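To keep things clear, I will list the structure first and then write my remarks on it.
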Amino acid sequence: SAKAQQFVKDNIAIDFYASPHKTGWENRVEAANYIDLAASRGISGASITIGAPHTPTWDKFVAEHKIWTEAAESAQVPIRIVKTPEDYNKAHNNGEYAIQWNSQTTMMLEGDVSRVKDVAALGIKTMQLTYNETELTGAGVISMINGDNSGLTEFGKKVIDEMVKYGITVDLSHTSYKTTMDIMNYMEKNHPGVPPMFTHSP
């Protein structure tokens, strides 16, 4: 309805999508056209997944980030890369499209916790410790269904510490029940006042 369309234009509306290159879009023009269409209809911006099982190594993760960055820059609407929550307000008020990069895995760290700072440098603002299966950081929800009762690992705790240090929000989507509870308990004890979040799959 016209009322609904106006509501979206008047308020901050944030999209969320996880569409790896070659899955849903074949070239950067298609992604750019989607961004332009969304912006024209009042969408303020999006959280875009860069890291997932299709980027299990650092090199593949960086390559996916490059492809998405080039695609976004091909859009006609000005792009604002989100560094703080206020950037969504600024984008909304300035006629820009805000992009917040997201990772749904820590596989691309390849066991090296020092890479968290490099992830942050690429602009990742939210990151899951696992994506459904068991990773070096902990167990995912599918692993739990298949009988894995393990939770957050010692490596996972180190990753959390680095994420908090570099301003990456811990995303609890796709983690197992025990991993989720372990993360929340660890953060409450060691990083009080720093909230994790469920972005799309509680």
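The values are calculated or read from the model by the stated rules, or taken from the named source; none is laboratory data. Keep in mind the model is a prediction, meaning the values are calculated, not measured. Neighbour counts run over all protein chains shown; Cβ positions are idealised from the backbone, glycine included. Surface areas here come from the heavy atoms of the whole protein model, side chains and all, with no ligands, DNA or RNA. Shrake-Rupley method; radii C 1.70, N 1.55, O 1.52, S 1.80 Å.
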Do we find a residue being open to solvent by 50 Å² or more (accessible area, probe 1.4 Å) and in contact with a strand residue (DSSP E or B) (Cβ under 8 Å, 6 or more places away or on another chain) anywhere in segment 22-38? no
Kindly provide the set of residues from segment 64-77 that are within 16 Å of the chain's Cα centre (by Cα) and surrounded by fewer than 16 Cβ atoms within 10 Å (Cβ to Cβ), ordered by number. LYS66
Considering segment 159-193, residues that are farther than 22 Å from MET144 by Cβ and of a type in the set (D, E, K, R), and then whichever is surrounded by the fewest Cβ atoms within 10 Å (Cβ to Cβ), we arrive at LYS189
With the checklist (1) out of contact with any Pro (no Cβ under 9 Å at 6 or more places or on another chain); (2) more than 18 Å from PRO53 (Cα to Cα); (3) among the charged types (D, E, K, R) in hand, flag the one item GLU96 doesn't pass. (1)
Being modelled with pLDDT under 95 and basic (Lys, Arg) is the filter here, so list the residues in segment 1-38 that pass it. LYS9, LYS22, ARG28
Looking at GLY42, GLY51, which is the one that is more than 30 Å from GLU133 (Cβ to Cβ) and surrounded by 14 or more Cβ atoms within 10 Å (Cβ to Cβ)? GLY42
Single unsatisfied condition, ALA121 versus (1) over 23 Å from GLU70 (Cβ atoms); (2) hydrophobic (A, V, I, L, M, F, W, C); (3) open to solvent by 10 Å² or more (accessible area, probe 1.4 Å): (1)
Among (1) in contact with a helix residue (DSSP H, G or I) (Cβ under 9 Å, 6 or more places away or on another chain); (2) closer than 19 Å to TYR186 by Cβ, there is one condition THR126 misses while meeting the rest; what is its number? (1)
Among the residues of segment 59-69, is any touching a helix residue (DSSP H, G or I) at 6+ places or on another chain (Cβ under 6 Å) and under 30 Å from ALA38 (Cβ atoms)? yes
When the residues of segment 176-202 are narrowed to those that are touching an Asp or Glu at 6+ places or on another chain (Cβ under 9 Å) and polar (S, T, N, Q), which ends up modelled with the lowest pLDDT? THR199
Restricting attention to segment 88-108, does a residue exist that is among the aliphatic types (A, V, I, L, M), more than 24 Å from VAL8 (Cβ to Cβ) and at pLDDT 95 or above? yes
Could you check how many residues of segment 27-67 are assigned to a helix (DSSP H, G or I) and not acidic (Asp, Glu)? 19
State whether one or more residues within segment 155-172 are hydroxyl-bearing (Ser, Thr, Tyr), touching a residue at least 24 places away in the same chain (Cβ under 8 Å) and in contact with a Leu (Cβ under 9 Å, 6 or more places away or on another chain). no
